[in-house]
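The structure under discussion appears below in the form of structure tokens.
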Amino acid sequence: VQLQASGGGLVQAGGSLRLSCAASGRTFRNYAVAWFRQAPGKEREFVAGISWRGGSTSYADSVKGRFTISRDNAENTMYLQMNSLKPEDTAVYYCVADPNPYLHSTSPDDYDYWGQGTLVTVSS
């Protein structure tokens, strides 16, 4: 599967952005998917994940209550709605996928497919 992330940009603190990730391949609906991010000088970190049917989600503590992950399997697309953005949310955001539909992991090493990343910059 190939992943194409979009929707990043520059936003003021307190603002919102919606990231999208379009996936190729008819089997996307069977993949576990998630969002990771990497800030300058830092390691990649888990942001949010969603099960293959969309019934189960998980979030990093730092974004819980502000970010919402979702997926539309009919459209082969996943989303990350980001509200109440903070300067510390500034990072390159990556959408990821794995063919194990039951994968629930916060480790970047466990996901086989990565999008190219989209930059989110939050100004104070």
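The values are calculated or read from the model by the stated rules, or taken from the named source; none is laboratory data. None of these values were measured; they are calculated from a predicted model. Cβ atoms come from the backbone with ideal geometry, glycine included; neighbour counts cover every protein chain shown. Heavy atoms of the whole protein, side chains included, go into the accessibility calculation; ligands, DNA and RNA do not. Shrake-Rupley method; radii C 1.70, N 1.55, O 1.52, S 1.80 Å.
For the chain, modelled as a GNM whose springs connect Cα atoms under 10 angstrom apart, the maximal fluctuation among A23, A39, A74 occurs at A74. Average accessible surface for the chain: 51 Å² per residue, computed with a 1.4 Å probe over protein heavy atoms with every protein chain in place.
In terms of packing, defined here as the mean over residues of other Cβ atoms within 10 angstrom, the peptides 62-68, 11-17, 28-34 line up highest first as 28-34, 62-68, 11-17.
Between T27 and K42, the modelled labels are 3.4 nm apart [label points 7 Å from Cα along Cα→Cβ]. Residues whose amide H falls under 5 Å from that of V47, counting only those 5 or more places apart or on a different chain, are W35, F36, R37, with hydrogens built in the peptide plane.
Taking the Cα centre as origin and putting +1 on Lys and Arg beta-carbons and -1 on Asp and Glu beta-carbons, what dipole magnitude results for the chain, to the nearest 20 debye? If you can, show how the numbers build up before the last one.
Details: 11 positive and 11 negative charges, 64 e Å.
I would put it at about 300 debye.
How much FRET efficiency would the formula 1/(1 + (r/R0)^6) give for S56 and T121, where r is the Cβ-Cβ distance and R0 is 35 Å, rounded to 0.05? That gives a FRET efficiency of 0.70. All Cα-Cα distances of the chain, cut into 10 Å bins from zero to the largest, leave 15, 51, 29, 5, 0 percent in each bin in turn.
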